[in-house]
Amino acid sequence: MRASAAPASRPTSARNFNIVAIALTTALVALQLIGLALLERSHAHAMQMSFSHEAAACTDSPDAAVPQTPYD
């Protein structure tokens with residue numbers, strides 16, 4: 001057996017680095033989820049406003065002429 005066997009536990013600097021990396025990854029994922037929720041909310045609001053404008057536009061002129069395109 002050797003007298004200079006490596007210790008079984010990892011050095012504390014590597015452990016600290018792993019903890020920091022996990023914390024940063026968790027924070028980034030949380031920020032992405034928050035950003036996605038905000039984007040979905042703003043998109044849903046924009047679509048709701050768009051549908052209300054389209055509905056109002058459709059009721060304004062019900063007799064609009066639609067050109068017919070002949071098919072070959």
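Would you say Thr59 is β-branched (Val, Ile, Thr) and either at pLDDT below 60 or in contact with a strand residue (DSSP E or B) (Cβ under 6 Å, 6 or more places away or on another chain) (or both)? Yes, satisfied.
Here is a yes/no grid of residues against (1) among the small types (Gly, Ala, Ser); (2) loosely packed, with under 10 Cβ neighbours inside 10 Å; (3) in a loop (DSSP other than H, G, I, E, B); (4) at pLDDT 90 or above:
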site: Ser4; (1), (2), (3), (4): yes, yes, yes, no
site: Pro7; (1), (2), (3), (4): no, yes, yes, no
site: Val20; (1), (2), (3), (4): no, no, no, yes
site: Leu24; (1), (2), (3), (4): no, no, no, yes
site: Leu38; (1), (2), (3), (4): no, no, no, yes
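The values are calculated or read from the model by the stated rules, or taken from the named source; none is laboratory data. It should be emphasised that the depicted structure is a prediction, and the values quoted were computed from it without experimental measurement. Ideal geometry is used to build each Cβ from the backbone, glycine not excepted, and the neighbour counts take in all protein chains shown.
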